[in-house]
1. Check whether at least one residue in the stretch B:58-66 is touching a helix residue (DSSP H, G or I) at 6+ places or on another chain (Cβ under 7 Å) and closer than 24 Å to A:GLU248 by Cβ, and report yes or no.
2. Just name the residue that is nearest to A:LEU160 (Cα to Cα) out of those in the stretch B:21-56 that are of a type in the set (Val, Ile, Thr) and open to solvent by less than 20 Å² (accessible area, probe 1.4 Å).
3. How many of the residues in the stretch B:38-91 are in a strand (DSSP E or B) and within 12 Å of chain A (Cβ to nearest Cβ)?
4. Condition test on B:GLU8, is it open to solvent by less than 50 Å² (accessible area, probe 1.4 Å) and among the charged types (D, E, K, R)?
5. Can you tell me how many residues within the stretch A:38-77 are surrounded by fewer than 22 Cβ atoms within 10 Å (Cβ to Cβ) and among the hydroxyl-bearing types (Ser, Thr, Tyr)?
6. Being within 14 Å of another protein chain (Cβ to nearest Cβ) and either open to solvent by less than 40 Å² (accessible area, probe 1.4 Å) or touching a residue at least 40 places away in the same chain (Cβ under 8 Å) (or both) is the filter here; which residues of the stretch B:103-121 pass it?
7. Being in the same structural domain as B:GLY76 (by TED's automatic domain parsing), surrounded by 14 or more Cβ atoms within 10 Å (Cβ to Cβ) and of a type outside the set (Gly, Ala, Ser) narrows it down to one residue among B:ILE135, B:ILE174, B:ILE170; which is it?
8. Of (1) of a type outside the set (Ser, Thr, Tyr); (2) open to solvent by 20 Å² or more (accessible area, probe 1.4 Å); (3) touching a residue at least 40 places away in the same chain (Cβ under 8 Å), A:ARG104 satisfies all except one. Which?
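The values are calculated or read from the model by the stated rules, or taken from the named source; none is laboratory data. Fair warning: this is a prediction, and the values are worked out from it, not measured in the lab. Here the Cβ positions follow ideal geometry from the backbone for every residue, glycine too, while neighbour counts run over all protein chains shown. Side chains are part of the model used for accessible areas, which takes the heavy atoms of the whole protein and leaves out ligands, DNA and RNA. Shrake-Rupley method; radii C 1.70, N 1.55, O 1.52, S 1.80 Å.
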Amino acid sequence: MATKASASPSTYSPSTRRRKQERPNIKDPDWVRSDGRGFHQCRPAFLRTGAVNAAAGSAYAEFGNTKVIVSVFGPRESKKAMMYSDIGRLNCNISYTTFATSIRGQGSDHKEYSSMLHKALEGAIILESFPKTTVDVFALVLESGGSDLPVVISCASLALADAGIMMYDLVAAVSVSCLGTNLIIDPVLEEESYQDGSLMITFMPSRNEVTQMTITGEWSTQKIHEAMELCLDACSKLRTIMSSCLKEAAFASNE
Amino acid sequence: MRQMEEGEVVTPGEVLGKASELRAGKGAYVSPETNLVYASLTGRRSILSPAPDSNDQRPIVEITGHKAHSVVPEPGCTVIARVKKVMAKTASVDIMCVDAKSVREKFTGIIRQQDVRATEIDKVDMHTSFRVGDIVRASVLSLGDARAYYLSTAKNELGVVSARSAAGAIMIPISWTEMQCPLTGQIEKRKVAKVQT
């Protein structure tokens, strides 16, 4: 039970009664998103490369409250136990800091993100350019504010470009959530918890190729088409932002 | 298509031109579906004119990286390595530099008995060619197996460039098979590289 106000104020104990998460009435036509964005508006992106000196390449991304840092090592020698391969290998790992989520240690629920990141990136890297060696991608989520995996994928692709790994194109990723009849792009954590379904696309805009598409939950065919259009458009725009971030870094290092 | 200026910074995936007009050099690739040349690295675009006697007279477009791409040993390049282990028929080395650039993390290489020199290859004694701790200039023969690159010192300018004697001093080369210690005068046998003067 909740602590009564009349109890002695010298000690504080948190309320043990869970506050019921009330789903806001999304059918209400006046429902706005908690941060005031339009349904089809993404969060402003802050991207920087060269965040980690020890790594061959690195990038830091901040999309609203989601903060991610990715470092890339390589190409370096594969472990002795690995079999010979005439193309390069990609090794991805995503980990959450203990303070990334509001409840400590909750980020370890996302063990499958590492293999999803691998699938998204392996189609974009020219593996034949570094035979017999391995490229390691380590992503650390500093704060999880929703839409974590798309932010990690975009940031990882920037880090790979920063490391000088040959790629077919930059990979931009965006996810869309379905809440009732509404489609909202780039959901925050709160919106993700109410969603009926989610769709994430990782896209190479210059080549017009999708490297990965992930759909969960309840979708109608019509909604899927709409959501895909939204995602592809947002990915193209995100790519121009990523590209200008790389060019800025290139100019800055030349001066 | 937007006309690109010389020296403009490009990012991976940007279109550099048509495959019919340009050839893809380092840092660029051609997509067979669209017949366009795309960049695969971040850097400045530069156009090189083709060799006058080649069949293909298209200019070559290259991307010169603003950030040096980490080097990886490739067949044909010259490497500097330190000897780690000498065995009866092979010497195991750590590759430290590839061409003129040092690597961030070492690669493992192996020099086999038949690759130490060009003449009398079956009479080679590994212990009179290399010792542990020697710095060797070698060329990469091939990618080798899962564990090591195959290296060769079978040329005059390849072999030991720097070695310490038993007394601990850096030795002076006196012939292609011998080095002498300046402190004790002792002569030790190595496969010595002929340094260009």
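1. The answer is yes, given that some residue of the stretch B:58-66 is touching a helix residue (DSSP H, G or I) at 6+ places or on another chain (Cβ under 7 Å) and closer than 24 Å to A:GLU248 by Cβ.
2. The residue in question is B:THR42.
3. Result for the stretch B:38-91: 8.
4. For B:GLU8, the condition - open to solvent by less than 50 Å² (accessible area, probe 1.4 Å) and among the charged types (D, E, K, R) - is met.
5. 1
6. Matches in the stretch B:103-121: B:VAL103, B:PHE107, B:THR108, B:GLY109, B:ILE110.
7. The conditions single out B:ILE135.
8. Exception for A:ARG104: condition (3).
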